[in-house]
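Chemist: Just passing along the structure, written as structure tokens.
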């Protein structure tokens, strides 16, 4: 009979990762913050490159124009770097 421990550890790790993701998302919508601060906190939760759509998934209460404005301000202030053009735009943290 095969050892079930690795499979159980995998399942528990998956549940923990899903709970952590839920906790991060809930923290963003739990308190009513200005759009720029909400976008900034969502960007801090991302590792590596991310898109406007990634931020939109983390901030469902914000309009796309609020997200775009927040991302533009974060790029202008030097907190984010923007790469690509049109539909291939991605961002990553600088600080």
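Chemist: For segment 20-43, give me the residue count where each residue is surrounded by 10 or more Cβ atoms within 10 Å (Cβ to Cβ) and either outside any helix (DSSP H, G or I) or at pLDDT 85 or above (or both).
Modeler: 11
Chemist: Looking only at segment 74-95, count how many residues are part of a helix (DSSP H, G or I) and within 15 Å of residue 37 (Cα to Cα).
Modeler: Quick first cut of segment 74-95, residues part of a helix (DSSP H, G or I) only: 74-76, 86-88.
Next cut, within 15 Å of residue 37 (Cα to Cα) only: 74-76.
Of the residues in segment 74-95, 3 are part of a helix (DSSP H, G or I) and within 15 Å of residue 37 (Cα to Cα).
Chemist: Can you tell which of 62, 71 is modelled with pLDDT under 90, more than 10 Å from the chain's Cα centre (by Cα) and either in a strand (DSSP E or B) or crowded, with 16+ Cβ neighbours inside 10 Å (or both)?
Modeler: Numbers: 71 fails: modelled with pLDDT under 90.
Going through 62, 71 in turn, the sole match is 62.
Chemist: Given the criteria in contact with a helix residue (DSSP H, G or I) (Cβ under 6 Å, 6 or more places away or on another chain), modelled with pLDDT under 95 and closer than 21 Å to residue 23 by Cα, does residue 80 qualify?
Modeler: In short, no.
The values are calculated or read from the model by the stated rules, or taken from the named source; none is laboratory data. On a predicted model such as this, the values are computed, not experimentally measured, just so you know. Virtual Cβ from ideal backbone geometry, glycine too; neighbours counted across all protein chains shown.
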